[in-house]
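Asks: Sharing a structure, written as C-alpha cells. Questions coming.
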Amino acid sequence: MSDATRAVEAIWRIESARIVGALARYTGDFALAEDAAQEALAEALVSWPRDGQPANPVGWLMTTAKRRAIDTIRRAGVQREKYEAIAHDQDEAYDDELDIERIDDDVLALMFVSCHPVLSKEARVALTLRVVGGLSSEEIARAFLVPVPTIQARITRAKKTIAAAKVPFEVPSPDERRQRLAGVLNVLYLIFTEGSTATSGEDLIRTDLAREARRLTRVLIGVLPDEPEAYGLLALMELTASRFPARTDAAGDPVLLEDQDRTRWDQGAVRRGLAALEQATPRGLGPYGLQAAIAATHGVADSVETTDWERIIVLYEALGRIAPNPIVDLNRAVAVAMAHGPLRALELVDRIAEDKRLDHTHLLPTVRGELLRRLGRTVEARKELERAAGMCTNNRERAVLQQKIAELT
C-alpha cells in the first residue's frame, strides 16, 4: 500500500462522517450523499497516488463528492431547485473553519439517521460503520465474518428504507433525541460487544471492531458532551478493553478472569475508563454507567480475592432493577458465588433457568456446570458443560469447555 493510499484511508476514516453529513444537508438526500462520498473516495484512491496528495485533502474530497452529487441529480433530471441549492458553491474551496456547531449538527444527524428505529438491528450496525465510521463493505464483512455481498445488501436496503420512510436528515428535537439516544448507544454497544466477545469463528477478540466502537462513542460525546450515559458507555468500553491483553494466551485461547495476569491489563485504558465514569456519575448512573462501575471494581482490584464482590452484587442488583435481563441475573449469581460460595449461587442459577430466554445460549449451562464442579457434583457438572460445549459457536471458547470436561475425572 502506497503512502498516498494510506493517507486517503486515514483521512477518510477521520473525516467521512463530516463529509457525508454536509453532503446530506446540502442535497437533502441521505442515499445520494453517501453514494457521492464513496465515489469521491474511489477517485481519491486512484488520483492521489498518481498526482500527489492535494494541499487541502478534506476540501478535495468534499468538492469532488459535491460534483458527483450534482452529476447524479443532473442525469436524473431532478428538480432545478435542488441542483441550484448545491451548485452555487461547488467550485469554492472547502472551508476548514466551518461553524463547529454546524459540523456537529451534521455528524449528529448522520448518527441518528444511521441508527433510526425503522431499520433492523443488523442494518443499523452496518450503516453506522459505513457512513459514520468510514469503513468499507469489505472491512465490515471481515469484522462480522459474513460475505461482502451480504453487507452491501444490508447497506443498500437500509438506504432504501430510510428513503421510503422519508426520514429527514436533521438533528432530532430535544425530546425526540432523548427518546432515540438509547438506540444510538445500543448500536455502538453492539459493535463493541461483537468485537470484545466474538460469538463465532476462531477469534475471541476482534480489537479493530472494539476500537472502532470506542472511536465512534468519542465522536458522539464530542457532539453531545452533556449526555452522562454516553460517558458511561465509553467508560464501560475502556474498562472492558483494558483486559484485552490478558484475556488470551500466546495461542489465542481464552484466559478466565481469575487466571489473568493483571500486570498485563492496560492501565491507560483503566485510567481513561475511570475518567469517563466520573463524567457519568454526577447525574446518576444508567445501565451502561452501572456496568462500567462493575468493570471499574474489577479494574482497581489487585486480584480476584481482593475484589469487592459485595459491591459488585449491589451494582448488579441496581442494574437488574433499571434494565431487567437474565444475563444480568446470571452475572450477579457469579458474583454471589465469589462472595458467598457456589451453593447460594446455584440456587439463584436454578431460578434463572426458569427464564427460557437463555435456552439458546451456552452461558447458563457454562455457569451451572462450573458451580456444580466447585460443589464436587462431577457427573452433573460434566452433563452441563457438555451441553454448553455443544451450544457454543466460538471455537476457542468451546475448546476451553472441552478441556474442563476432560479434567472432570
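Asks: Calculate what fraction, in whole %, of the accessible area of the stretch 120-251 sits on carbon and sulfur atoms when a 1.4 Å probe is rolled over the protein chains.
Replies: Carbon and sulfur atoms account for 53 percent of the accessible area of the stretch 120-251.
Asks: Report, please, the projected area of the chain averaged over directions, based on the convex hull of its C-alpha atoms, in nm².
Replies: 22.3 nm²
Asks: Students sometimes get this wrong: rank Val219, Val304, Val379 by accessible area, probe 1.4 Å, all chains present, largest first.
Replies: Numbers: Val219 45, Val304 15, Val379 115 Å².
If we order Val219, Val304, Val379 from most to least accessible, we get Val379, Val219, Val304.
Asks: How many nm separate the modelled label positions at Val167 and Thr306, each set 7 Å beyond the Cα in the direction of the Cβ?
Replies: 4.8 nm
Asks: Enumerate the lysines that Lys159 could reach by cross-link, defined here as Cα to Cα under 29 Å, with residues fewer than 8 away along the same chain left out.
Replies: Lys66, Lys82, Lys121
Asks: With a ≥ b ≥ c taken as the square roots of the eigenvalues of the C-alpha gyration tensor of the stretch 315-377, please select rounded if a/c is under 1.5 and otherwise prolate if a/b is larger than b/c or oblate if it is not?
Replies: Details: a/c = 2.36, a/b = 1.27, b/c = 1.86.
Oblate.
Asks: Could you give the dipole magnitude of the stretch 251-405 about its Cα centre, charging the beta-carbon of Lys and Arg +1 and that of Asp and Glu -1, in debye to the nearest 20? Before the final figure, lay out each step's value.
Replies: Values: 22 positive and 22 negative charges, 49 e Å.
So the dipole magnitude of the stretch 251-405 works out to roughly 240 debye.
Asks: Straight-line reach from Lys383: which lysines have Cα under 18 Å away, leaving out those fewer than 8 places along the same chain?
Replies: Excluding near neighbours in sequence, the set is Lys404.
Asks: Taking only DSSP H segments of four or more residues, each worth -39500 (n - 2.57), what value at 222 nm results for the chain once the sum is divided by all its residues, to the nearest 500 deg cm²/dmol?
Replies: For the chain, the value works out to -22500 deg cm²/dmol.
Asks: Among Leu358, Pro174, Ala33, whose Cα projects farthest towards the positive end of the dipole of the chain, with charges put on the beta-carbon of Lys, Arg (+1) and Asp, Glu (-1)?
Replies: Checked the options; the winner is Leu358.
Asks: Then there's this: Given springs between every Cα pair under 10 Å in a Gaussian network model of the chain, which of Ala293, Ala333, Ala250 has the largest fluctuation?
Replies: Highest fluctuation among the options: Ala250.
Asks: Grab every C-alpha pair in the stretch 261-409, bin the distances at 5 angstrom width from 0 up to the longest one, and report whole percents.
Replies: Final binned percentages: 2, 9, 16, 16, 19, 18, 12, 6, 2, 0, 0.
Asks: In nanometres, what is the gap between the two model label sites at Ala275 and Arg377, each 7 Å from Cα along Cα-to-Cβ?
Replies: Each label point lies 7 Å from its Cα, and together they span 4.8 nm.
Asks: Please identify every one of the GluC sites (Glu not before Pro) in the stretch 324-389 that sits in a loop by DSSP and has no more than 14 other beta carbons within 10 Å of its own beta carbon.
Replies: On the way: sites: Glu347, Glu354, Glu370, Glu380, Glu384, Glu386; in loops: Glu354.
Qualifying residues, ordered by number: Glu354.
Asks: Something else now. Normalised by the number of residues in the stretch 355-406, what is the relative contact order in percent for Cα pairs under 8 Å and 6+ residues apart?
Replies: 34 percent
Asks: Using Cα-Cα distances under 8 Å and only pairs 6 or more residues apart, what relative contact order does the stretch 108-227 have, in percent? Don't jump to the answer; show the numbers that get you there.
Replies: Values: 126 pairs, mean separation 33.1, N = 120.
Computed over the stretch 108-227, the figure is 28 percent.
Asks: Moving on to the next point. Just check the stretch 343-409 against the gyration tensor rule for me: Cα atoms, a ≥ b ≥ c as the square roots of the eigenvalues, rounded for a/c under 1.5, and otherwise prolate or oblate depending on whether a/b exceeds b/c.
Replies: On the way: a/c = 2.42, a/b = 1.12, b/c = 2.17.
In terms of gyration-tensor shape, oblate.
Asks: Still on this structure, please answer the following. Kirkwood Rh and Cα-based Rg: tell me the resulting Rg over Rh for the stretch 1-48, rounded to two decimals. It would help to have the intermediate numbers written out before the result.
Replies: Numbers: Rg = 11.4 Å, Rh = 11.0 Å.
Checking Rg against Rh, the ratio lands at 1.03.
Asks: Sticking with this structure for a sec: State, to one decimal in nm, how far the label point of Gln179 lies from the label point of Leu257, with both points 7 Å from Cα in the Cβ direction.
Replies: 3.7 nm
Asks: Using only Cα atoms, locate the centre of the stretch 205-282 and the centre of the stretch 2-32, then give the distance between them in Å, rounded to an integer.
Replies: 27 Å
Asks: List, largest first, the extents of the alpha carbons of the stretch 167-313 along their principal axes, each in whole Å.
Replies: For the stretch 167-313, the Cα extents along the three principal axes come out at 49, 35, 25 Å.
The values are calculated or read from the model by the stated rules, or taken from the named source; none is laboratory data. It should be emphasised that the depicted structure is a prediction, and the values quoted were computed from it without experimental measurement. Neighbour counts are summed over all protein chains in view; Cβ atoms, including those assigned to glycine, are modelled from backbone coordinates with ideal geometry. All accessible areas refer to the heavy atoms of the entire protein, side chains included, with ligands and DNA or RNA removed. Shrake-Rupley method; radii C 1.70, N 1.55, O 1.52, S 1.80 Å.
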